[in-house]
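Structure, as structure tokens:
Read-outs throughout are calculated quantities, based only on the coordinates presented, and are distinct from any laboratory measurement. Remember, it's a predicted structure, so these values are computed and weren't measured experimentally. Don't worry about glycine lacking a Cβ; one is built from the backbone with ideal geometry, like all the others, and counts go over all protein chains shown.
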Amino acid sequence: MIKPALSQSFSISSHPSSTIRTLKRLWHLRLGILGSLLILCLVTTALFTPWLAPNDPYTQDITQRLLPPFWMEGSSSDHFLGTDHLGRDLLSRIMYGTRISLVIGLSAVVLQLILGVGLGVLAGYYRGRVDSAISFIVNAMMSFPFILLALTLVSVLGASLQNIIIALGLTGWPVYTRVTRIETIKLNEQEFILAAHSLAYSSWRIITRHVLPNMLPTLLVLSTVEVARSIIRESLLSFLGLGIQPPTPSWGVMLAEGRDYMLMHWWLAAFPGLAIFMAALGINLLGDALRDYTDPHLRKY
Amino acid sequence: MLAYIIRRMFQAVAICLVISAMSFFMLFLNTDPALMLLPPEAEVADIAAFKKQMGLDRPVLIQYKDFLGRVVFHGDFGQSFVYKVPAVQLIMERFPATLRLALAAIVFINLVAIPVGVISAVKRGSFVDNIFTFFALMGQAMPLYWLGIMLIIIFGVWLRWLPISGSDSFAHLILPAITLGSWILPVNMRLVRSGMLDVLNKDYIRTARAKGLPEWLVLGKHAFKNAILPLVTVIGMQLGLLLGGAVVTETVFAWPGMGQLVLDSIHMGDYPVVQAVVVVFAVCVVVGNLVADILAALIDPRIRLN
């Protein structure tokens, strides 16, 4: 077997030995599988929460408040991960939180896709002034901290599920525009699009039948990663008190409530955050695997 | 070069204008701004008088022109409704704390990202590299407010090594800086790593090796300097991310900076302060980007000629 150190000393050639390449693929595959498993857990939990959750997420029981998780002293067998300050079952609330996170993450991405891809294709296909105007707005949006924009939007619109999706959608589209614009420009120079032009196909037909389908893999990868980002952003807005409002079990709300008790009851803040982390990690790992699969050029190796 | 700088400066000013307009018109998105600015128990007559006094009964575009004029020529964002002092004064009081936090985070990011990135690149494919890559992946999925809370629980509550809130001493700065920095750390790690990998495959590195230079000289003198250049320009662009992250970090650690100010102001409907912070953030970000672009153009002539 060739040791990694040896391949390094011959790093003039950019091709690592085949053994190492195989190991890399396995490593990547493993991470991709790990990501898929995490997402499978996430989706299953979201779909079947009412049957899976051990307790009702809203039922309060003041005599059972602030119970620790199962392995600690004083825990109750009814509450696997313990209870919060109102005696609600932490595990059940986290499981119901999965639904909110996924609904917001997916809806926000759909909204971002419609806005971002629409503008990106317009800019890349028509170029000229349309392109300059759209690119300028994209640059302005991307140079500005998302959080401040989203916070202001939600505070003006009012905090509700629908408005959070709108705020995340309105602030998250520029990255799609940037990517689709470049992809459209590249595609437009390819022969099959030139052929379509010379057949006098309408712009609509060229865009919908030839440009967009060829961008699907790129958009799929980007959207996957953006779902994770939207989930983190939703929980962030909720954590700051401008997202989902209590008593709805959103991970961000639970984290904010748990924060008030973190000095004595650390699990109240730890587990909801762990849920966000695992969800985002799973989606990112799958996104990386998809990227490697669809476009080997993007591999970091 | 001068033409390039002038062109970029015009763009920067234009972006500031767009953001100031966004922050201004957002107020008109949903409701009558007078209702947002006044307490809910205000009488109809009071509302009318307030509108007249504040000029809110005039066309929106004229109001924006006035707003812009006051901001640009007098630095006047109006009075804070809550504190009854000029919004600018509140920002000036809070600005140094946020700046300190952001600078500490930048120092932390680069102290970690540069050595880790270089080691990853030099030992590419090794166990160490894989471990670092895995940590970078984890870091990208980590919500920074959760990381902050966990750091408080572990280092503040369990181990009692570091203070958990406030901003009195250097020790207070450590946890917030790590929290804020860890957001961007994975990006810079990968940047240094891929920059170093690119350079290591260049002909002049092969030449340096071929003429028998010791490996540490090849890496330290020839490779490292060129690999680090992209980082210089990226730091300026990351200012926006850092300021955004500061809003959250300051909340978690009760750090008395602009982030907390803007969040409190949003909660209390103190709109002049919100507008002022939005515009100040925008100016910081745009200036950061401008400096980064100019540095990039100075370093790499291809950029300014394009």
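Listing for the model above:
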| read-out | value |
| --- | --- |
| Mean Cβ count within 10 Å, highest first, over the residues of peptides A:235-244, B:82-91 | A:235-244, B:82-91 |
| Exercise: per-residue mean of other protein chain Cβ atoms within 10 Å, B:242-252 | 3 |
| Given charges at beta-carbon only (K, R positive; D, E negative), |dipole| of the protein assembly as shown in Debye | 2580 |
| Whole-angstrom Cα spans of segment B:167-229 along principal axes, big to small | 54, 20, 14 |
| Cβ-based exposure ranking for B:I19, B:I228, in which fewest neighbours within 10 Å come first | B:I228, B:I19 |
| Cα lying deepest toward the dipole's positive end in segment B:88-299, options B:V118, B:Q260, B:S167, charges on Cβ | B:V118 |
| Charge dipole magnitude, Cβ of K and R +1, D and E -1 - chain B, Cα centre, debye nearest 20 | 1560 |
| Dipole in debye (nearest 20) - segment B:102-254, about Cα centre, beta carbon charges: Lys, Arg +1; Asp, Glu -1 | 640 |
| Cα lying deepest toward the dipole's positive end in chain A, options A:L237, A:G118, A:M95, charges on Cβ | A:G118 |
| At 1.567 mPa s and 4 °C, Stokes diffusion of segment B:205-306 via Kirkwood alpha-carbon radius, µm² per second | 77 |
| Peptide A:279-288 - average C-beta neighbours from other chains (10 Å radius) | 2 |
| Per-selection Kirkwood Rh - the protein assembly as shown (Cα, Å, 1 d.p.) | 26.6 |
| Estimated 222 nm signal from helices in chain A, with DSSP H stretches of n ≥ 4 weighted -39500 (n - 2.57), rounded to 500 | -23000 deg cm²/dmol |
| Extension reserve of the B:K52-B:D198 stretch, reckoned as 0.36 nm per residue once the Cα distance is removed | 46.2 nm |
| Residue (of A:T224, A:V211, A:I33) at the positive-pole extreme of chain A, dipole from beta-carbon charges | A:V211 |
| Prolate/oblate/rounded call for chain A, Cα gyration tensor, a/c under 1.5 rounded | oblate |
| For residues of A:134-145, the mean tally of beta carbons on other chains within 10 Å | 6 |
| Rh by Kirkwood over Cα pairs, then Stokes-Einstein D for segment B:88-299 at 0.890 mPa s and 25 °C, µm²/s | 130 |
| Spatial separation of Cα centroids for segment A:131-198 and segment B:114-181, in angstrom | 31 |
| Protection proxy ranking of A:75-87, A:124-136 - average other beta-carbon atoms within 10 Å, highest first | A:75-87, A:124-136 |
